[in-house]
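**Q** Mind looking over this structure? Questions follow.
The values are calculated or read from the model by the stated rules, or taken from the named source; none is laboratory data. What you are looking at is a predicted structure, and each value in this text was computed from that prediction instead of being measured. All Cβ positions, glycine included, derive from the backbone under ideal geometry; neighbour counts span all protein chains shown. The area values use the complete protein model at the heavy-atom level, side chains included, leaving out ligands, DNA and RNA. Shrake-Rupley method; radii C 1.70, N 1.55, O 1.52, S 1.80 Å.
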Amino acid sequence: MHIELQRVAPAEIEARSMEIIRSELKQPLPPENEAVILRAIHTTADFDYAENLCFSPEAVARGVEALRGGAHIVTDTTMAMSGINKRVLAKFGGEVHNFIADPEVAAQAKERGVTRATVSMERAAAMGKSLVYAIGNAPTALVRLYELWQEGTLPAPALIIGVPVGFVNVVEAKELIMEMDCPWIVARGRKGGSNVAAAICNALLYIASRNERE
């Protein structure tokens, strides 16, 4: 069996990957959302994101504007947090926050019989900052954001990235976010993940920084 490998310089691998993705897409992507969709496909090698990523009007533009203005990012997992380009975010004055490992969050979640992601969203909402919520694992985080919004106690999110993966309440939680009057990017259906949440954040950051990575 003969296997022929492509000879691609390390610095050119991503560009070559994007060329392959574009060549295999079944239809053109909306220009305003293209960079985000391409980044999600590049991260997962899953072309379903060309169809299941949904965007509220001007979600990408408003997310980019918020990040350029110093918005912070809140994640529901340490994995998503670790995947976000913090150097680029810091140039705009933003930081990434994750409260899952906070002992007080864990204790309160246990006492109330709720998930740590639920309490984490309450902690984030009380920060008093412009926030991008990047949710890639816990549908309960999205449900709590929706509940806080209904209660009128959720400061207007700069953007909600709702892409948790799974089977229990995942589809339903995403649909709730799509009812909210704020910018959102949602992966409809069961697919998603912390890597997708981080990838979408990075796509927005690279647009904001005009593709600076360091």
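**Q** Which of the residues spanning the range 21-51 are outside any loop (DSSP other than H, G, I, E, B) and more than 14 Å from the chain's Cα centre (by Cα)?
**A** I21, R22, S23, E24, E34, H42, A50, E51
**Q** Right, another one. Give just the number: which of (1) open to solvent by 20 Å² or more (accessible area, probe 1.4 Å); (2) of a type outside the set (A, V, I, L, M); (3) part of a helix (DSSP H, G or I) does T118 not satisfy?
**A** (1)
**Q** Related question: Out of the range 146-157, which residues are surrounded by fewer than 22 Cβ atoms within 10 Å (Cβ to Cβ) and closer than 15 Å to V60 by Cβ?
**A** Hits for the range 146-157: nothing passes.
**Q** Give the range 105-115 a look and list any residue that's open to solvent by 10 Å² or more (accessible area, probe 1.4 Å) and not β-branched (V, I, T), or say none.
**A** A106, A107, Q108, K110, E111, R112, G113
**Q** Mind listing whichever residues of the range 177-189 are open to solvent by 30 Å² or more (accessible area, probe 1.4 Å) and more than 15 Å from A40 (Cβ to Cβ)?
**A** M178, E179, D181 - these are the residues of the range 177-189 that are open to solvent by 30 Å² or more (accessible area, probe 1.4 Å) and more than 15 Å from A40 (Cβ to Cβ).
**Q** Here is a further query. For the range 1-31, what are the residues that are open to solvent by 100 Å² or more (accessible area, probe 1.4 Å) and either in contact with a helix residue (DSSP H, G or I) (Cβ under 6 Å, 6 or more places away or on another chain) or among the basic types (K, R) (or both)?
**A** R7, R22, K26
**Q** Across the range 158-176, which residue is least open to solvent (accessible area, probe 1.4 Å) among those that are closer than 23 Å to V64 by Cα and among the small types (G, A, S)?
**A** G162
**Q** Scan the range 49-79 residue by residue and report those that are of a type outside the set (A, V, I, L, M), closer than 16 Å to A197 by Cβ and either open to solvent by 60 Å² or more (accessible area, probe 1.4 Å) or in contact with a helix residue (DSSP H, G or I) (Cβ under 7 Å, 6 or more places away or on another chain) (or both).
**A** Y49, G63, T75, D76, T77, T78 - these are the residues of the range 49-79 that are of a type outside the set (A, V, I, L, M), closer than 16 Å to A197 by Cβ and either open to solvent by 60 Å² or more (accessible area, probe 1.4 Å) or in contact with a helix residue (DSSP H, G or I) (Cβ under 7 Å, 6 or more places away or on another chain) (or both).
**Q** I would also like to ask the following. What pairs come out if I take residues in the range 161-185 that are on the phi > 0 side of the Ramachandran plot and pair them with residues that are open to solvent by 50 Å² or more (accessible area, probe 1.4 Å) whose C-beta lies under 6 Å away, six or more apart or interchain?
**A** none
**Q** Turning to a different aspect of this structure: Do you know which of the residues in the range 85-104 that are in contact (Cβ under 8 Å) with a residue 60 or more places away in the chain and more than 15 Å from L131 (Cα to Cα) is surrounded by the fewest Cβ atoms within 10 Å (Cβ to Cβ)?
**A** First, pick out the residues of the range 85-104 that are in contact (Cβ under 8 Å) with a residue 60 or more places away in the chain: 85, 87-89, 91-92.
Checking the rest, the ones that are also more than 15 Å from L131 (Cα to Cα) come to 85, 87-88, 91.
Values: N85: 18, R87: 12, V88: 21, K91: 16.
Only one residue tops the list, namely R87.
A quick yes/no check of all residues on (1) touching a Lys or Arg at 6+ places or on another chain (Cβ under 8 Å); (2) within 26 Å of R87 (Cβ to Cβ); (3) not polar (S, T, N, Q):
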| position | (1), (2), (3) |
| --- | --- |
| S23 | no, no, no |
| Q27 | no, no, no |
| P31 | no, no, yes |
| E34 | no, yes, yes |
| I37 | no, yes, yes |
| D48 | yes, no, yes |
| A61 | no, yes, yes |
| V64 | no, yes, yes |
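**Q** S82: in contact with a Cys (Cβ under 8 Å, 6 or more places away or on another chain) and either of a type in the set (G, A, S) or surrounded by 11 or more Cβ atoms within 10 Å (Cβ to Cβ) (or both), yes or no? Show your work before the answer.
**A** Values: in contact with a Cys (Cβ under 8 Å, 6 or more places away or on another chain): no; either of a type in the set (G, A, S) or surrounded by 11 or more Cβ atoms within 10 Å (Cβ to Cβ) (or both): yes.
For S82, the condition - in contact with a Cys (Cβ under 8 Å, 6 or more places away or on another chain) and either of a type in the set (G, A, S) or surrounded by 11 or more Cβ atoms within 10 Å (Cβ to Cβ) (or both) - is not met.
**Q** Could you count how many residues in the range 190-214 are under 21 Å from D46 (Cβ atoms), more than 9 Å from the chain's Cα centre (by Cα) and not in a loop (DSSP other than H, G, I, E, B)?
**A** Number of matching residues: 3.
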